[in-house]
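The values are calculated or read from the model by the stated rules, or taken from the named source; none is laboratory data. Worth saying up front: this structure is predicted, and the values here are computed from it rather than measured. Glycine also receives a Cβ, built like all others from the backbone with ideal geometry; neighbour counts cover every protein chain displayed. Quick note on the areas: whole protein, heavy atoms, side chains included, nothing else; ligands and nucleic acids left out. Shrake-Rupley method; radii C 1.70, N 1.55, O 1.52, S 1.80 Å.
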Amino acid sequence: DDPEKLAAFQARIDAGEKIEPKEWMPEGYRKTLIRQIGQHAHSEIVGQLPEGNWITRAPSLERKAILLAKVQDEAGHGLYLYCAAETLGVSRDELTEALLAGKMKYSSIFNYPTLTWADIGAVGWLVDGAAIMNQVPLQRTSFGPYSRAMIRICKEESFHQRQGFDIMRKMATGTKAQRHMAQDALNRFWYPSLMMFGPSDADSVHSAQSIRWKIKMNTNDELRQKFVDQTVPQAEYLGLTVPDPDLRWNADKGGYDFSEPDWDEFFEVLKGNGPCNTERLAARQKAWDDGAWVRDGLMAHAAKQHSAPVA
Ligand code: 3HC
């Protein structure tokens, strides 16, 4: 890219301007956006699977209706994000095929199973809590369509987190068996939720450039720390114990010291060796194959409309 154009572009970013799809942008900026927005969209869609598993198993009609609404919201979040990615010149078909071919990722968290109803509480409380931590700053990202999608998505995320926390509150103040289930869910979802923020800053290959381009507004460790600081008091309020014996308040830094996730496990999950990777991709592949006739029918109809003689 032409150094002058790059400098002018960076000046726009530094001035807090929004970059719109039809405006000039460095190829690296476009590529990074397609990667991040595409994987964000994949995360929303694959993220429906662990929760969808419990829609028919919800303990009450009210919980079923709430969970159904949340899972439907996630489909809409995926739609906004795929549409934002399409403005960069990549089709939803290409993004889906890249996902199914293992060439694109989705958030590691969705490769863990939801074994009990308390897991649905932990997912809303911790996973959507972490997603909010990550998505709120992204409302100020430099790419217009992504920023506007984030603003819309963030309005719905707080409901997702609150309904999850309310399930945890109900279980944590319930019978002994329910309290045990709530603690078991926290034990299994705590570290995978910390992994959602990405590898440690030392291992984050994209952070520096993504922050310069305001495609990322904070580093991975910054957001992870904020998440721990906000969530530990909530666990204490629930009477649950965070599964980290080294967790302790550090008055000097004004935050908690905590144990890092098992990064070997993280990179194994990213390589496809997590508990549910195969199952999740198989579900997406089946949905893609089973929906082919609908897509073909829509395209045939559109082609007929297009070629229909104008009166
Ligand atoms: N799961 C899967 N892959 C991850 C990951 C995770 N938790 N964390 C990092 N990675 C990948 C990165 O994508 C990158 O691989 P790639 O080059 O093939 O894309 C590699 O690990 C190195 O990590 P970096 O920190 O260098 O990468 P990024 O700068 O892209 O940071 C990120 C990773 C923080 C996830 C960033 O991409 C981001 O903020 N993305 C937008 C938010 C997002 O995708 N959130 C998903 C959460 S789920 C969700 O929001 C749904 C909600 O409804 C629950």
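Quick rundown of the values:
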quantity: Filter result for Glu260 (surrounded by fewer than 17 Cβ atoms within 10 Å (Cβ to Cβ), under 30 Å from Glu97 (Cβ atoms) and of a type in the set (D, E, K, R)); calculated: no
quantity: Residues within segment 270-311 that are part of a helix (DSSP H, G or I), among the small types (Gly, Ala, Ser) and in contact with a Ser or Thr (Cβ under 9 Å, 6 or more places away or on another chain), tallied; calculated: 1
quantity: Contacts under 6 angstrom Cβ, first residue in segment 125-146 being farther than 13 Å from Arg224 by Cα, partner charged (D, E, K, R) and buried (at least 24 other Cβ atoms within 10 Å of the Cβ), 6 or more apart; calculated: none
quantity: Segment 46-72 residues that are within 24 Å of Thr278 (Cα to Cα), paired with ones that are acidic (Asp, Glu) and surrounded by 20 or more Cβ atoms within 10 Å (Cβ to Cβ) (beta carbon under 6 Å, 6 or more apart); calculated: Gly47/Glu74; Gln48/Glu74; Val71/Glu51
quantity: Lone unmet requirement of (1) within 14 Å of the ligand (Cβ to nearest atom); (2) open to solvent by less than 50 Å² (accessible area, probe 1.4 Å); (3) under 29 Å from Asp264 (Cβ atoms) for Thr231; calculated: (1)
quantity: Flag for Leu186 being more than 16 Å from the ligand (Cβ to nearest atom), assigned to a loop (DSSP other than H, G, I, E, B), open to solvent by less than 60 Å² (accessible area, probe 1.4 Å) and not acidic (Asp, Glu); calculated: no
quantity: Filter result (more than 16 Å from Ala122 (Cα to Cα), assigned to a loop (DSSP other than H, G, I, E, B) and touching a Phe, Trp or Tyr at 6+ places or on another chain (Cβ under 9 Å)) within segment 229-259; calculated: Asp244, Asp246, Leu247, Ser259
quantity: Flag for Arg284 being open to solvent by less than 50 Å² (accessible area, probe 1.4 Å), in contact (Cβ under 8 Å) with a residue 12 or more places away in the chain and on the phi < 0 side of the Ramachandran plot; calculated: no
quantity: Members of segment 19-37 that are touching a residue at least 40 places away in the same chain (Cβ under 8 Å), over 11 Å from Trp213 (Cα atoms) and among the basic types (Lys, Arg); calculated: Arg35
quantity: Subset of segment 190-228 (residues that are open to solvent by less than 30 Å² (accessible area, probe 1.4 Å), assigned to a loop (DSSP other than H, G, I, E, B), over 17 Å from Ser43 (Cβ atoms) and near the ligand (Cβ under 8 Å from one of its atoms)); calculated: Ser204
quantity: Residue that is surrounded by the fewest Cβ atoms within 10 Å (Cβ to Cβ), among those in segment 134-180 that are out of contact with any Pro (no Cβ under 9 Å at 6 or more places or on another chain) and of a type in the set (Gly, Ala, Ser); calculated: Ala177
